[in-house]
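Chemist: Here it is, the structure, as structure tokens.
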Amino acid sequence: MKRFIAAFFVMQVIKFLVGLRLEWGWLGERGVGPWDRLPVTVLLPTLVAMVVVLWMDRELPRRLFDRRVKQPLTQISFGAAAGFLSAAVSAVATRMLANLAMDFLALVIAAAVTATAVLLSMPRMRPGRCVQCGATLVPGEKRCLNCFADRSDAVPGLAEKMAG
Ligand SMILES: [Zn+2]
């Protein structure tokens with residue numbers, strides 16, 4: 001989860017730096033200096049993504065965000081993908097919108113929509129399934145028969161009921 005957010009944040013920083021290089025900031029033409037905007041441009045989408053991640057983790061938990069899953073590169077890739085999409089969508093929207101308030105709204109909506117879409121594409125955590133690979137756990141087996149992860153990796157709940 002931390003890696004996802006960190007990668008998302010890095011993509012917003014990259015977007016800001018690219019914008020700075022291209023035209024002195026994405027919103028520079030609106031009379032707001034790019035450095036004044038830096039906190040909003042970078043932190044606002046990251047904050048929105050963070051809220052989406054926390055909400056999703058409560059409502060529809062993703063396997064990759066489970067503490068037991070050690071797949072840093074995959075976690076970073078998903079975060080970077082969401083961050084890139086969010087940056088690209090909001091950059092295009094900013095070019096088309098008329099005022100600063102709309103730009104901020106575009107930042108929020110772009111981050112919320114892209115983060116949600118990417119999170120939904122990540123494998124879900126399901127009761128009775130292995131948290132590492134998603135295979136159905138066989139009751140009574142000590143290990144996942146697909147990836148040989150320890151059964152303590154099982155999602156608690158249905159798995160225990162099935163075994164018991
Ligand atoms: Zn497994």
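Read-outs: derived from the displayed coordinates by stated rules, not from any lab. A quick note: this is a predicted structure, and the numbers were derived from the prediction, not measured. Here the Cβ is made from the backbone with ideal geometry for all residues, glycine too, and neighbour counts use every protein chain on show.
Chemist: Can you tell me the Rg and Dmax of the stretch 1-123, counting just the alpha carbons, in angstroms?
Modeler: 14.7, 48
Chemist: Related question: Return ASP36, ASP103 ranked ascending by Cβ neighbour count within 10 Å, so the fewest neighbours appear first.
Modeler: Numbers: ASP36 12, ASP103 22.
The fewest-first ordering by Cβ neighbours comes to ASP36, ASP103.
Chemist: Something else: Note down the nm distance, to one decimal, between modelled labels 7 Å out along Cα→Cβ at ARG143 and at ILE109.
Modeler: Each label point lies 7 Å from its Cα, and together they span 5.2 nm.
Chemist: Continuing with this model, one more query. For ARG124, what residues show an amide H to amide H distance below 5 Å, using hydrogens built from the backbone and excluding near sequence neighbours?
Modeler: When sequence neighbours closer than 5 places are left aside, the close amide H contacts are ARG63.
Chemist: On to the next question. Ranking SER86, SER121, SER77 by Cβ neighbours within 10 Å, fewest first, what do you get?
Modeler: SER121, SER77, SER86
Chemist: Further question: Can you list the HN-Hα couplings for the stretch 58-69, worked out from phi with the Karplus curve (6.51, -1.76, 1.60; θ = phi - 60°), rounded to whole Hz and with x for Gly and Pro?
Modeler: With coefficients 6.51, -1.76 and 1.60, one gets 8, 7, 9, x, 9, 4, 5, 8, 6, 3, 7, 8 Hz.
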